[in-house]
1. Among 141-148, 70-77, 127-134, what's the highest-first ranking by average C-beta atoms within 10 angstrom per residue?
2. Could you rank the peptides 108-114, 233-239 by their average count of other C-beta atoms within 10 Å per residue, with the highest value first?
3. Tabulate in residue order the Karplus-calculated ³J(HN,Hα) for the range 208-217, using 6.51 cos²θ - 1.76 cosθ + 1.60 with θ = phi - 60°, rounded to whole Hz; enter x for Gly and Pro.
4. Quick one: length gained pulling Glu159 to Asp111 fully straight, 0.36 nm per residue minus the C-alpha distance?
5. How far is it, in nm, from the label point at Ala139 to the one at Ala259 when both lie 7 Å from their Cα along the line to the Cβ?
6. Take the Cα pairs of the range 45-154, get the Kirkwood Rh, then feed it into Stokes-Einstein at 4 °C and 1.567 mPa s and tell me D in µm²/s.
7. Calculate, for Lys77 and Asp187, the FRET efficiency according to 1/(1 + (r/R0)^6) with r their C-beta to C-beta distance and R0 45 Å; round to the nearest 0.05.
8. What accessible area per residue, rounded to a whole number of Å², is obtained for the range 26-160 using a probe radius of 1.4 Å?
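The values are calculated or read from the model by the stated rules, or taken from the named source; none is laboratory data. What you see is a predicted model; the values in this text were computed from it and never measured. So basically every Cβ, Gly included, is an ideal-geometry build from the backbone, and we count neighbours across all protein chains shown. In case anyone asks, the SASA skips ligands and DNA or RNA and just uses the protein heavy atoms, side chains included. Shrake-Rupley method; radii C 1.70, N 1.55, O 1.52, S 1.80 Å.
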Amino acid sequence: MYATIWKLSLMVSILLALSSTVYSLQPCSRNVTFGAGGGRKIAIVIDSSNPNTQTDPSDLRIAAAKDLNDRLTSKSKVGPKRDPDLVTVVDFDSSARVIYNLGDPASATFDGIDSEGGTNIARGIKVAIDELIKDLSIATKGRTGIVMLTDGDDPYKLELLNELDRAQNLGIRVSFGFLEPNVLDQDILTKILKTGGVYSTIDSAETQQAFVLAVIANGPTEFDRSSGPTAVELLSGLSLASLISAKTGPRTFTYDAWASEKLNFTINSLSHQFLASPNPHRNPSRRTRCQLRHY
């Protein structure tokens, strides 16, 4: 087994986007699981706007959402002295609706998600938050997460930023998977990261499954990883972002690779600080590559 390891320890706030391209992909079975089971409230928010007819004609975002749901702890699987997970499913285009009210993952439905209409991501987040917090008898802070699968940019930026602030104030972790490599709004990205969630752009419809694994590895709620991740696992076909500062400390990015894989990693500083290359023979730059290390 090979692994790339890139460690950054900086004393200024830097927004990073790190992507990996695998030129010869080998089959890889990943056993990625949640931490302690049960007790979460999760909203799965799925884009049903018209562009999905082109970007995701096989509805693989729905398949990825179902996989996430299947990994939650239902009432029939919960252990002794633990609460089951609860899930709600939200469908959005220019408007948003709850298609499965907060309840047992075992009964969740994804029926009726089409590919028609415009895109209003903020509405999807708003409806998800409203559903997650409507039962005041169930704790929200630190045990709640929203996972968004979308293929587009949101023209209602201010509304989306307000909903992300609302989520952070409520202790809801928000993760976004954009099936559009060119979607990279620094303001939105920063708000998502401050909730503790994942911000990822996805290079193809088939890679949306990898985004689900990235969310699980990070922890969809603060309950799964209370102190926040210091190590970020990279997955083929995803670009992941991270916020590095004196407060967060260093971040370590890792990727498990097969011996025959040809890898290319690119790190971009979105906040325009210069990044020093670990190779002393290279000049510092805003874009650099990491090398494969065997151990």
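1. 141-148, 127-134, 70-77
2. 233-239, 108-114
3. Once rounded to whole Hz, the list reads 4, 4, 5, 4, 4, 5, 5, 5, 5, 5.
4. Extra length from Glu159 to Asp111 when fully extended: 14.5 nm.
5. 4.9
6. 89
7. The value I calculate is 0.70.
8. Counting only protein heavy atoms, the per-residue value for the range 26-160 is 46 Å².
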